[in-house]
1. Out of all Cα-Cα pairs in the range 279-331, roughly what percent, to the nearest whole number, are more than 18 Å apart?
2. Based on the Cβ-Cβ distance from residue 160 to residue 324, what FRET efficiency comes out when R0 is 45 Å, to the nearest 0.05?
3. Using only Cα atoms, tell me the angle between helix 57-73 and the longest principal axis of the chain; keep it within 0 to 90° and round to the nearest 10.
4. Plugging the Kirkwood radius over Cα pairs into Stokes-Einstein for the range 139-220, at a temperature of 20 °C and a viscosity of 1.002 mPa s, what D comes out in µm²/s?
5. Can you tell me the length gained on complete extension of the stretch residue 207 to residue 177, counting 0.36 nm per residue apart and subtracting the Cα distance?
6. What does the extension gain come out to for residue 225 and residue 269, with contour length at 0.36 nm per residue minus their alpha carbon separation?
7. Mind checking the full-extension length gain between residue 123 and residue 250? Use 0.36 nm per residue of separation minus the Cα-Cα distance, one decimal, nm.
8. Taking a probe of 1.4 Å, how large is the accessible area per residue of the chain, in Å²?
Amino acid sequence: MVKKKLITAAVATAAALTLALAGCSGTGAKGGGGGGSAAPDNKNIKICVYTHGDGGTFWAVAQKGAEDAAKTLGVTLDYQGSTNDAAKQASTIEAGVKGGCSGIAASAPDPGAIQSAMKSASDAKIPTVTINSGSSVYKQLGAFTHVGQDEIVAGRQAGEKFNELGVKKILCPIQEAANSGLTDRCKGAAETFKGQVQQFNADGALADLNGAQAKILAALQADSSIDAVFALNADVATGAVLPAVKTVGRDIKVGTVDLSADALKAIDAGTLQFGIDQQQYAQGYMAVQLLYFAVKDAIEIGGGLPVYTGPAFVTKDNVKAVQESVKEGLR
């Protein structure tokens with residue numbers, strides 16, 4: 001199965017459905033009903049995507065997905081990350097409620113920090129979804145669905161992968177201390193892994209990969225029984241974990257969550273055993289699209305359940321096909 005074709009087909013089908021609905025809408029959207037080549041004129045619909053993202057490799061792809069969906073739909077997009085600052089994210093949501101957002105998508109790694117802001121959106125009758133993180137709390141935040149992957153499920157499947165690799169003890173570095181989704185990944189791995197999973201505080205790793213490398217190296221040197229690392233971010237995997245493993249000189253298996261060009265090269269080379277693909281391009285695209293349906297035609301997709309974009313695994317067996325998607329900005 002070539003994953004690139006599946007994603008492209010899914011997005012194309014979704015776009016076609018969107019344009020068809022726009023063309024049939026009783027609110028008079030332009031385009032979509034004729035040749036389908038022009039985007040409908042929906043600039044009065046303002047879709048706001050407010051994440052905890054830092055604009056790095058992962059979030060740049062999610063943003064591209066949102067931007068592509070907005071272009072297809074002809075809506076106005078306000079995309080803002082908060083670089084893991086929950087208070088900033090909450091204030092951005094509050095400002096969006098007052099600033100005319102028609103629909104709001106928000107990631108929820110620290111749901112308590114944005115709960116009041118999300119309630120403000122709900123009180124204002126603004127439809128909301130959670131994106132990327134929040135699969136277990138989206139209803140509490142007033143969202144009608146969640147777009148992303150279940151982090152416990154992703155962790156469980158990673159645990160099974162590590163079982164197949166024959167390792168005994170996994171180090172699980174957490175690069176954002178307040179992100180419950182990251183701890184869920186480690187917890188999920190511990191549920192299925194037959195050995196031991198050790199959570200490790202690597203808070204701030206994305207901002208200081210060299211510092212994270214030193215911390216991880218020290219942990220590996222201090223405990224010779226660690227024979228695997230479950231990295232929870234592709235940049236941490238390639239920028240901190242793999243250099244630390246190379247320095248320590250032991251046979252340590254490494255898997256990661258999320259993808260990057262460097263991570264795919266490492267998978268191809270065999271230094272990284274797997275990457276979990278939650279398809280962040282689809283997360284950004286679908287969040288905008290689902291909010292468009294909710295605003296335009298009062299359609300809430302999902303039936304009250306999450307809309308899952310992952311997990312899927314990239315290994316040496318399928319990495320070549322996925323690398324093509326990265327070049328196109330779909331991963």
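1. Tail of the P(r) past 18 Å holds 46 percent of the pairs.
2. Plugging the Cβ-Cβ distance into 1/(1 + (r/R0)^6) gives 0.95.
3. Helix 57-73 sits at roughly 20 degrees to that axis.
4. This corresponds to a translational diffusion coefficient of 155 µm²/s.
5. 9.5 nm
6. Length gained, residue 225 through residue 269: 13.4 nm.
7. 40.1 nm
8. 41 Å²
The values are calculated or read from the model by the stated rules, or taken from the named source; none is laboratory data. Computed from a predicted model, the values in this text were never measured in an experiment. Using ideal geometry, Cβ is built from the backbone for each residue, glycine included, and neighbour counts are taken over all protein chains shown. In case anyone asks, the SASA skips ligands and DNA or RNA and just uses the protein heavy atoms, side chains included. Shrake-Rupley method; radii C 1.70, N 1.55, O 1.52, S 1.80 Å.
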